[in-house]
1. Give just the number: which of (1) surrounded by 24 or more Cβ atoms within 10 Å (Cβ to Cβ); (2) touching a helix residue (DSSP H, G or I) at 6+ places or on another chain (Cβ under 8 Å); (3) more than 30 Å from residue 185 (Cβ to Cβ) does residue 101 not satisfy?
2. Condition test on residue 119, is it touching a strand residue (DSSP E or B) at 6+ places or on another chain (Cβ under 6 Å), surrounded by fewer than 20 Cβ atoms within 10 Å (Cβ to Cβ) and not assigned by TED's automatic domain parsing to the domain that holds residue 196?
3. Looking at 111, 106, 124, can you tell me which residue is buried (at least 20 other Cβ atoms within 10 Å of the Cβ), outside the structural domain of residue 277 (by TED's automatic domain parsing) and closer than 27 Å to residue 314 by Cα?
4. Say whether the condition of being within 24 Å of residue 257 (Cβ to Cβ), touching a residue at least 12 places away in the same chain (Cβ under 8 Å) and surrounded by fewer than 22 Cβ atoms within 10 Å (Cβ to Cβ) is met by at least one residue in the range 178-186.
5. Looking at the range 293-302, is at least one residue in the same structural domain as residue 186 (by TED's automatic domain parsing), surrounded by fewer than 23 Cβ atoms within 10 Å (Cβ to Cβ) and in contact with a helix residue (DSSP H, G or I) (Cβ under 8 Å, 6 or more places away or on another chain)?
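The values are calculated or read from the model by the stated rules, or taken from the named source; none is laboratory data. On a predicted model such as this, the values are computed, not experimentally measured, just so you know. Methodologically, a virtual Cβ is constructed for each residue, glycine included, from the backbone with ideal geometry; neighbour enumeration extends over all protein chains shown.
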């Protein structure tokens, strides 16, 4: 029986073609224009829905993910939510391993999709809402232990090429079309770096003149080759002073730094002035895009992404 026109067979088909919105208030009067791609329109409300589905699809095609096998992944929450709904649709059991420093909304979302959450206590001196490299190392140890125990499939988002492919063949081409080929700059916070590298690759394949910038916390400019002062900051999902296996310097033209205060201030302004409610990383992305817009040639178009929904941060002081 065929479906009515416009009806999807499953929610995975809703991934992609998220809206691209120009910031006409926050960027008013600046030489460059700024546009933000709203990735919270995806089923799991984040940018990680794309690689979550892509990695599972590739694993099935390669025969490394089989019916009845459990999926286990280390996550700061967004990839966990993406894998949770994708595994629910595909019929796999899923376990997300998170640091206790992540917001509770992330764990609640993952459990709502029927998945299991294993929470790892923070390292000594850890603070809720600030996941450090030391915290993530503990999560990595627990993840490896569970993968061995259950002979599970691990997506390994920091190293799996599917993380890049999801954006090279999705996010990047979408931005190119949605801007009518007018995009001149692209910038993104570097977590697993799949969004940054995949989108950058796609855009530079279409126009090598497009400038790409990697965004890092001001105190953790590891990829930029600067001294790391600390890996504790509010921008969850990255800034852990590690270079992901999928990171590619060749498509990055420069590096931008954003402080915790700038990320918070910009996220709040984005919600109150533009009606776009994102998290800390979204605030960082837009703050960096505005940095570029202030110095760019008049008429330039800077594009970035709203990584996830601000609803995941209501337990923090982001919107207090």
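1. Failed condition: (1).
2. Working: touching a strand residue (DSSP E or B) at 6+ places or on another chain (Cβ under 6 Å): yes; surrounded by fewer than 20 Cβ atoms within 10 Å (Cβ to Cβ): yes; not assigned by TED's automatic domain parsing to the domain that holds residue 196: yes.
Judged against the criteria, residue 119 is a match.
3. On the way: 111 fails: buried (at least 20 other Cβ atoms within 10 Å of the Cβ); 124 fails: buried (at least 20 other Cβ atoms within 10 Å of the Cβ).
So the residue among 111, 106, 124 that is buried (at least 20 other Cβ atoms within 10 Å of the Cβ), outside the structural domain of residue 277 (by TED's automatic domain parsing) and closer than 27 Å to residue 314 by Cα is 106.
4. yes
5. Kept after step one, since they are in the same structural domain as residue 186 (by TED's automatic domain parsing), are these residues of the range 293-302: 293-302.
Still in the running and surrounded by fewer than 23 Cβ atoms within 10 Å (Cβ to Cβ): 293-301.
In the following step, the residues that additionally are in contact with a helix residue (DSSP H, G or I) (Cβ under 8 Å, 6 or more places away or on another chain) were identified as 300.
Yes, there is a match, as at least one residue in the range 293-302 is in the same structural domain as residue 186 (by TED's automatic domain parsing), surrounded by fewer than 23 Cβ atoms within 10 Å (Cβ to Cβ) and in contact with a helix residue (DSSP H, G or I) (Cβ under 8 Å, 6 or more places away or on another chain).
Residue-wise test of (1) outside the structural domain of residue 275 (by TED's automatic domain parsing); (2) modelled with pLDDT of 95 or more; (3) surrounded by fewer than 24 Cβ atoms within 10 Å (Cβ to Cβ); (4) over 12 Å from the mean Cα position of the chain (by Cα).
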residue: 35; (1), (2), (3), (4): no, yes, yes, yes
residue: 41; (1), (2), (3), (4): no, yes, yes, yes
residue: 58; (1), (2), (3), (4): yes, yes, yes, yes
residue: 62; (1), (2), (3), (4): yes, yes, yes, yes
residue: 65; (1), (2), (3), (4): yes, yes, yes, yes
residue: 70; (1), (2), (3), (4): yes, yes, yes, yes
residue: 73; (1), (2), (3), (4): yes, yes, no, yes
residue: 80; (1), (2), (3), (4): yes, yes, no, no
